[in-house]
Amino acid sequence: MPINAGDTTFVLICTALVCMMTPALALFYGGLVNYRDSISVMIQNFVCMGVIGLLWVFGGFSLVFGPDIGGVIGDIRPYFGMYHIGMEPNPTYSAGVPFILIFAYQMMFAIITPALMTGSFVGRIRLSGYLAFIILWTILIYFPVAHWIWGGGFLAKLGAVDFAGGIVIHTAAGFSALATARYLGKRKEAQGAKDAPMSLALVAIGAGLLWFGWFGFNAGGAYAADALASYAFTSTMLAGSIAMLVWMFWEWFHEGRASFEGVLVGAVAGLATVTPAAGYIEPMSALLVGLIGATLCYHAIYVQRWLGIDDTLQVWRAHGVGGLTGAILIGALASSSINKVEAGWHQIGVQTLAVVVVAVFAWIVTTIILKIIDSAGKLRVPEEIQVAGLDTADGEHAYNLWGMSNSANDTRQ
């Protein structure tokens, strides 16, 4: 098959944009947490680029996109070690883009998904335990769920759709993050310590880069520089824009003022909400998706407080609730003129079933994984180190403005 140079260039750029989102997330989370734990969160994000990248080569891509086995998982044999993955396009995904580029583009999605969870358990998990966690989580949760939706698994056969990861990425990671925060319990902090963001400037840089990368995240799902990509691109922008303003409104309404942190978090919540729907809805519908998503994500804090779970950076609130909401709204707002999915009660039911199945599966399997790692004594950070902060314990700091010593209390994991 002939390779389309324009489509290939477009997907190459989108792949690079999605790759950038993982370091951007590190900046976003690293700025939001206190200075005692900033570096520990950043390394947890960056290390996903190494660990998950290798998992994707040695079995991951094949388990997701290999020939379907009973609707549950893909056959590991066809693409293990990048076998049968080369420049020849695979017409199932794109007739004009090299198959190896589809492999690379999807690898970036696999990398950022476990990184999303790091904001929920700040300062409470050892690096060694975290490495074991993301390996098991990716194999046991991400690969099967991605196959169910994107690889021709049982949810896809039922008619469930997810353009860029609202179910596969945000719902799975969001509910796993909540399960992890619940399992690890509340943070132990020094008496009188203020858990203020280390640097809102860093958060702004991270949020801006995330928004920029999100265009590749959503529009790249078209696998072509065409009208569908243009619709997804525009919907992404509009949903993020209105979500930012809606979050600001709710802060003003409840607290009497708007905060810069809220503006940034609101935009990210809107982007997460539109992700599953970006390639199925009209741009004007994206405004409604952003409005509803920001409203539900903002008020989800009351559910989280009722549950009593210490999700440090509200990962479930923005990503779990956002991804779930956007996925269900496909059933209400999809336009068949955009991408062959028609809104209606049947589609709403299928989308709801998909998010419930993924959320419950992610919660249960995540809890089992944590119990296994915890039984080996490699999961939890001791309380005294939680109080001091992982950065202090490890001897690395984001800034050396307070005369911190790199040699004191070095307890590397």
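Points to keep in mind about this one:
- Cut-off under 5 Å, modelled amide H: who pairs with residue 312 long-range: 121, 122
- Proxy reagent accessibility, fewest Cβ within 10 Å first, across 63, 333: 333, 63
- Cβ-based exposure ranking for 77, 182, 317, in which fewest neighbours within 10 Å come first: 77, 182, 317
- For segment 1-61 versus segment 78-119, the gap between their alpha-carbon centres in whole angstrom: 13 Å
- For segment 313-353, convex hull volume per residue from C-alpha positions, Å³: 60 Å³
- Amide H to amide H, with H built 1.01 Å from N, residue 279 comes under 5 Å of 163, counting only residues 5 or more places away or on other chains.
- Per-bin percent of Cα-Cα distances, segment 51-110 [10 Å]: 25, 56, 19, 0
- At full extension, residue 201 and residue 135 could sit 20.6 nm farther apart than now, given 0.36 nm per residue minus the alpha carbon distance.
- Calculated log₁₀ intensity ratio I(q)/I(0) where the Debye formula runs over C-alpha points of segment 265-412, q = 0.18 Å⁻¹: -1.05
- Entry note, segment 1-117: relative contact order of 36 percent, from Cα contacts under 8 Å with a spacing of 6+ residues.
- Computed from backbone phi with θ = phi - 60° and the Karplus coefficients 6.51, -1.76 and 1.60, the 3J(HN,Hα) list for segment 53-58 is x, 5, 4, 5, 5, 9 Hz; x is used for glycine and proline.
- Of the residues 335, 62, 176, the one that moves most in a GNM of the chain with alpha-carbon contacts below 10 Å is 335.
- Expressed in Å, the radius of gyration and Dmax of the Cα atoms of segment 250-315 are 13.2, 38.
- Paramagnetic label zone (point 7 Å from Cα along Cα-to-C-beta, residue 368; backbone N under 20 Å) in segment 320-346: none
- Part-to-part distance (alpha-carbon centres) for segment 248-303 and segment 339-364, which is given in Å: 21 Å
- Extension reserve of the residue 258-residue 384 stretch, reckoned as 0.36 nm per residue once the Cα distance is removed: 41.8 nm
- Relative contact order [Cα under 8 Å, 6+ residues apart], the chain, whole percent: 23 percent
- Once backbone amide H atoms are built at 1.01 Å from N, residue 380 has 126 as its partners under 5 Å, excluding neighbours fewer than 5 places away on the same chain.
- Within a Gaussian network of the chain (alpha carbon springs, distance under 10 Å), most fluctuating of 167, 139, 111: 139
- Entry note, the chain: the mean residue ellipticity at 222 nm calculated from DSSP H runs of n ≥ 4, each adding -39500 (n - 2.57), is -20000 deg cm²/dmol after division by the residues and rounding to the nearest 500.
- Rg in Å to one decimal, and Dmax rounded to a whole Å, for segment 149-289 via C-alpha atoms: 17.6, 56
- Diffusion coefficient, µm² s⁻¹, Stokes-Einstein with Kirkwood Rh over alpha-carbon pairs of the chain at 25 °C and 0.890 mPa s: 115 µm²/s
- Between residue 84 and residue 3, the simple label model (points 7 Å from Cα in the Cβ direction) yields a spacing of 2.1 nm.
- Convex hull volume per residue, computed on the Cα atoms of segment 119-207, equals 128 Å³.
- Descending semi-axes in whole angstrom, ellipsoid equivalent of segment 23-90, from the Cα gyration tensor: 35, 13, 10
- Calculated from the alpha-carbon coordinates, segment 76-153 shows an Rg and a Dmax of 15.3, 46 Å respectively.
- Tensor-based shape of segment 341-404 (alpha-carbon gyration tensor, a/c under 1.5 rounded, otherwise prolate or oblate): oblate
- The value obtained for segment 1-146, namely the Cα convex hull volume divided by the number of residues, is 99 Å³ per residue.
Values quoted throughout were computed directly from the atomic coordinates according to the rules given, and no laboratory measurement underlies them. Quick caveat: nothing in here was measured; it's all calculated off a predicted structure. Every residue, glycine as well, gets a Cβ built from its backbone with ideal geometry; the counts of neighbours run over all protein chains shown.
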